[in-house]
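> Sharing a structure with you now.
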Amino acid sequence: MLSVIRVHLPSDIPIVGCELTPYVLLRRPDTNATTDDVPESAPLDGHFLRYKWYRIQSDRKVAICSVHPSEQATLQCLGCVKAKLPVAKSYHCSPKCFSDAWQHHRVLHDRAASAINENGNEEEELFGRFNSSGSGVMNTSLSGSASSASLTNGSTPLYPAAVTQRSGGETWFEVGRSKTYTPSADDIGHVLKFECVVVDAETKLPVGHSNTLLTSRVIPAPSPTPRRLISVSGLDAMAPLDSDGRISSSGTFTVLSYNILSDVYATNDTYSYCPSWALSWPYRRQNLLREIVGYRADIVCLQEVQSDHYEEFFAPELDKHGYQALYKRKTNEVYNINTHTIDGCATFFRRDRFSHVKKYEVEFNKAAQSLTDALVPSAQRKTALNRLVKDNVALIVVLEAKFSNQGADNPGKRQLLCVANTHINVHQDLKDVKLWQVLTLLKGLEKIAASADIPMLVCGDFNSVPGSAPHSLLAMGKVDQLHPDLVVDPLGILRPHSKLTHQLPLVSAYSSFARVGVGLGSDQQRRRMDATTNEPLFTNCTRDFIGTLDYIFYTADSLTVESLLELLDEESLRKDTALPSPEWSSDHIALLAEFRCKPRPRELITGS
């Protein structure tokens with residue numbers, strides 16, 4: 001007879017919005033073990049599995065610590081309440097927790113105060129019931145008998161009115177009847193119970209005992225701190241994303257570049273400092289989606305997007321937000337693994353802002369084959385290919401803008417845009433391969449530029465720090481022949497060094513922070529820049545490495561930078577040791593730039 005051997009959850013900490021999928025191991029009538037589901041619609045030997053989820057509603061009201069979401073809160077910051085910040089941000093599990101977090105917590109108060117100053121003073125009587133001393137006031141009265149409305153699930157519960165069981169001050173409400181369950185805001189602070197039982201298909205009665213498990217208390221999904229767009233066009237104003245998601249100027253567009261950290265690389269061994277629940281894909285995908293959608297970029301370039309995650313999650317989810325999707329999966333000659341988990345580059349664009357004209361796919365493996373056939377003696381080709389073939393790719397997309405800033409003097413003029421999205425090889429001992437891949441991409445872009453007078457963006461994770469040979473090639477158009485990176489060239493693919501050039505007038509978007517005038521926003525950002533390289537101090541921050549690997553380059557003869565997404569400071573990230581963390585779900589940070597097309601002296605050649 002069908003029986004349940006055991007049930008368990010990969011993580012016992014449930015998070016709002018993250019689907020819970022229990023592992024259920026069954027013994028079939030033929031005694032073989034299986035994890036396949038046996039639904040009522042397809043019973044096995046006259047039996048099927050019935051699932052139920054319950055919310056355990058205690059008479060005690062519970063708040064969750066904003067810093068340690070698996071801990072119960074014991075105090076509340078009234079400064080947050082006064083500033084009308086989200087109530088979940090105000091709770092802490094201990095005075096030490098509040099004290100340790102204060103330096104970062106205070107930023108929330110400062111931002112709220114800035115918003116009030118910009119929008120006019122709020123009515124003071126709204127805050128009359130709070131201590132007037134302001135920021136940092138702690139309400140330590142939270143207890144089991146607390147009755148604050150913020151700790152309840154609201155006056156209109158969404159769970160069924162039928163009470164399954166009540167005992168010892170606890171009430172069990174049935175909230176689901178499928179194998180999976182996605183916690184809602186109503187579940188915050190409550191324990192969930194999962195029940196699995198074998199049922200006779202004919203009598204519909206349970207057979208044998210039910211298998212149950214209890215979760216920890218449901219916690220709210222930690223959300224990334226909002227990052228602001230900072231003008232670099234001369235006004236030096238900090239601009240929040242408007243209600244439509246963009247700066248209101250119709251002639252500009254925004255571009256996001258983000259390595260989202262593929263799930264296959266997000267292992268507990270590599271990122272042991274990140275809580276396992278925050279490293280799980282069900283949690284990270286929701287947090288990443290919320291962050292990406294929140295930026296409302298017109299063009300989104302993502303790296304390390306697994307093939308299955310692109311097809312099953314990112315493409316359909318971003319489609320709901322008005323994005324058209326294009327994808328290039330890495331080749332799999334080196335790592336012959338499940339093709340569904342191979343990552344690649346995904347480019348999305350808003351259908352109301354751009355239309356798709358053409359797509360080019362760059363496979364560096366094919367370029368390596370052509371190179372070795374042409375330059376390497378046949379006896380050495382296998383060795384050469386072993387070094388050059390690394391499965392990296394680039395995705396180049398030509399778009400046509402549906403908006404214009406050209407004015408009435410050029411009616412009907414097409415505004416094209418070329419966007420390259422790439423992920424260059426990671427291995428630090430393959431400096432020659434990195435440089436060759438970047439050179440190969442740039443030569444391909446030069447061919448496109450020769451056929452069409454078109455603005456270009458080159459985005460991605462280049463796995464190259466500022467000052468390295470690949471960065472020099474991108475930013476300076478050439479590599480100094482005495483550059484130390486050129487010493488590593490066992491195949492001679494970089495010689496003669498005079499060929500390490502390109503003619504595209506590329507500039508790093510974030511270097512604009514180094515050139516803008518002094519002001520509140522830009523001055524703070526300059527402290528997060530490297531003065532010697534004019535690049536961010538970091539875009540990748542793990543326990544073992546911190547530095548800049550990601551860039552957005554643009555052709556300065558055809559585009560100008562209007563504003564940039566503010567950078568993060570290392571100190572705020574180190575409170576969670578490093579990235580990824582519960583707040584930020586990748587080991588990289590997102591880069592975003594707002595551009596304006598320069599008026600061109602001659603008509604665009606539309607290309608094919």
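> Rounded to the nearest whole Å², what accessible area per residue is found for the stretch 229-597 with the 1.4 Å probe?
That works out to 38 Å² for each residue.
> Also, quick follow-up: May I ask you to evaluate 6.51 cos²θ - 1.76 cosθ + 1.60, the Karplus curve with θ = phi - 60°, for each residue of the stretch 424-440 and list the ³J(HN,Hα) values in order in whole Hz, giving x for glycine and proline?
The phi angles translate into 7, 4, 8, 5, 6, 8, 10, 4, 5, 5, 4, 5, 5, 5, 5, 4, 4 Hz.
> Which semi-axis lengths, in whole Å and largest first, follow from the square roots of five times the eigenvalues of the Cα gyration tensor of the stretch 243-346?
Rounded to whole Å, the semi-axes are 27, 17, 11.
> What lysines does Lys598 reach when the alpha-carbon gap must be under 26 Å and sequence neighbours fewer than 8 apart in one chain are set aside?
Of all the lysines, those that pass the test against Lys598 - Cα under 26 Å, at least 8 places apart if same chain - are Lys358, Lys359, Lys402, Lys413, Lys443, Lys447, Lys478.
> Near the amide H of Ala63, under 5 Å away, which other amide H atoms are found, from residues 5 or more places off or on another chain, if H is placed in the peptide plane?
Ala73
> Then there is this: Please list, in order along the stretch 354-362, the HN-Hα scalar couplings obtained from phi with the Karplus expression 6.51 cos²θ - 1.76 cosθ + 1.60 (θ = phi - 60°), rounded to whole Hz, x for Gly and Pro.
9, 10, 7, 9, 7, 10, 10, 10, 10
> Given H placed on each backbone N at 1.01 Å, which residues far from Asn259 in sequence or on other chains put an amide H within less than 5 Å of it?
For Asn259, whose amide H was placed from the backbone, the distant partners under 5 Å are Gln303.
> Here is a further query. Accessible area, 1.4 Å probe, largest first: how do Asp373, Asp530 sort?
Asp373, Asp530
> Could you order peptides 20-27, 76-83 by the average number of other Cβ atoms within 10 Å of their residues, highest first?
Per-residue mean Cβ counts within 10 Å order the peptides as 76-83, 20-27.
> Here's a follow-up. Could you check the simple spin-label distance between His104 and Glu170, using points 7 Å along Cα→Cβ, in nm with one decimal?
3.3
> Taking the Cα centre of the stretch 43-115 as origin, work out the dipole magnitude from +1 charges on Lys and Arg Cβ and -1 charges on Asp and Glu Cβ, in debye rounded to 20.
Value, rounded to 20: 260 debye.
> Go ahead and run the numbers for FRET between Lys84 and Val16, Cβ-Cβ distance against an R0 of 25 Å, rounding to 0.05.
0.75
> Let me ask something additional. Enumerate the amide H contacts of Lys598 below 5 Å, restricted to partners 5 or more residues apart or on another chain; note that Pro and chain-start residues carry no placed amide H.
Distant-sequence amide H within range of Lys598: Leu559, Thr560.
> If you build the Cα gyration tensor of the stretch 1-71 and take the root of 5 times each eigenvalue, what three semi-axes come out, in whole angstrom, biggest first?
34, 14, 10
> Please list 3J(HN,Hα) in residue order for the stretch 75-85, calculated via the Karplus relation 6.51 cos²θ - 1.76 cosθ + 1.60 where θ = phi - 60°; whole Hz, with x for glycine and proline.
Whole-Hz 3J(HN,Hα) from phi for the stretch 75-85: 8, 10, 7, 6, x, 5, 4, 4, 7, 6, 6.
> Taking only protein heavy atoms into account and a 1.4 Å probe, give the accessible area per residue of the stretch 1-64 in Å².
48
> Give, in nm to one decimal, the length gained when the segment between Arg351 and Asp36 is fully stretched (0.36 nm per residue of separation minus the Cα-Cα distance).
Gain on extension, Arg351 to Asp36, equals 109.4 nm.
> Using a ≥ b ≥ c from the Cα gyration tensor of the stretch 229-597 (square roots of the eigenvalues), is it rounded, prolate or oblate, where a/c under 1.5 gives rounded and otherwise the larger of a/b and b/c decides, a/b for prolate?
Judged from the Cα gyration tensor, the stretch 229-597 comes out rounded (a/c under 1.5).
> Could you order the peptides 413-419, 173-179 from most to least packed, using the average number of other C-beta atoms within 10 Å per residue?
The densest-packed peptide leads the list: 413-419, 173-179.
> Classify the stretch 308-411 from the C-alpha gyration tensor, please: rounded if a/c falls under 1.5, else prolate or oblate depending on whether a/b exceeds b/c.
oblate
> Label Gln380 and Leu482 with points 7 Å out from Cα along Cα→Cβ: what is the distance between them in nm?
My value for the distance between the label points is 2.7 nm.
> Counting alpha carbon pairs within less than 8 Å and at least 6 residues apart, what relative contact order, in whole percent, applies to the stretch 229-597?
Here the relative contact order equals 23 percent.
> While we're on this one: On a straight-distance basis, which aspartates and glutamates could pair with Lys320 in a cross-link, Cα separation under 19 angstrom, same-chain partners fewer than 8 positions away excluded?
Partners found: Asp244, Glu291, Asp298, Asp308, Glu311, Glu312, Asp352.
The values are calculated or read from the model by the stated rules, or taken from the named source; none is laboratory data. Predicted model only: the values in this text are computed from it and were never measured. Reconstructed Cβ throughout: ideal geometry from the backbone, glycine too, with neighbour counts over all protein chains shown. Accessible surface areas use protein heavy atoms only, side chains included; no ligands, DNA or RNA. Shrake-Rupley method; radii C 1.70, N 1.55, O 1.52, S 1.80 Å.
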